[in-house]
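The values are calculated or read from the model by the stated rules, or taken from the named source; none is laboratory data. Nothing here was measured: the structure is a model prediction, and the numbers come from that model. Quick reminder, even Gly has a Cβ in these numbers, built from the backbone with ideal geometry, and neighbours come from all protein chains shown.
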């Protein structure tokens, strides 16, 4: 019996948790070329500043930093039903945010989530909670 391994996190968008109240998560595949796969496996990737948009009923990841070059058009692989669900959330006022990049196994996956933008006072509250947990106060 083959043991299934949990994919390891290559990188995480830590600003996403600070800037957005995240909702439902979705794991998507990515349409990549060979050099892009190598850069991701070697951890030469940043999700900071990247975003997901829906164009022509397809999911696209823009602004992913790979090595020294910025790749601006990576197609994400999701079913029509999942894309329609994300479109409905977007119409309701949510944003689609890339959260984590998984790449421990054979496939490289991107975890995206719907999120509502936090206001400045929400962010201050998050900082206060984090400081209390750390034992600063």
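For this structure, a couple of remarks:
- Test: residue in segment 31-41 that is more than 10 Å from residue 97 (Cα to Cα), part of a strand (DSSP E or B) and modelled with pLDDT of 90 or more: no
- Test: residue 48 is assigned to a loop (DSSP other than H, G, I, E, B) and on the phi < 0 side of the Ramachandran plot: yes
- Top-ranked residue in segment 27-56 [being touching a helix residue (DSSP H, G or I) at 6+ places or on another chain (Cβ under 9 Å) and touching a residue at least 60 places away in the same chain (Cβ under 8 Å); ranked as surrounded by the most Cβ atoms within 10 Å (Cβ to Cβ)]: 52
- Options 86, 66; residue that is over 11 Å from the mean Cα position of the chain (by Cα) and within 22 Å of residue 8 (Cα to Cα): 66
- Highlighted here are the strands (runs of 3 or more DSSP E) found entirely within segment 57-137 that include at least 1 residues which are surrounded by fewer than 15 Cβ atoms within 10 Å (Cβ to Cβ): 58-62, 69-71, 74-77, 109-117.
- Long-range neighbours under 8 Å by Cβ, at least six apart or interchain, first residue in contact (Cβ under 8 Å) with a residue 24 or more places away in the chain and on the phi < 0 side of the Ramachandran plot within segment 77-94, second in a helix (DSSP H, G or I) and surrounded by 10 or more Cβ atoms within 10 Å (Cβ to Cβ): 78/86
- Selection status of residue 44, farther than 16 Å from residue 12 by Cα and modelled with pLDDT under 90: no
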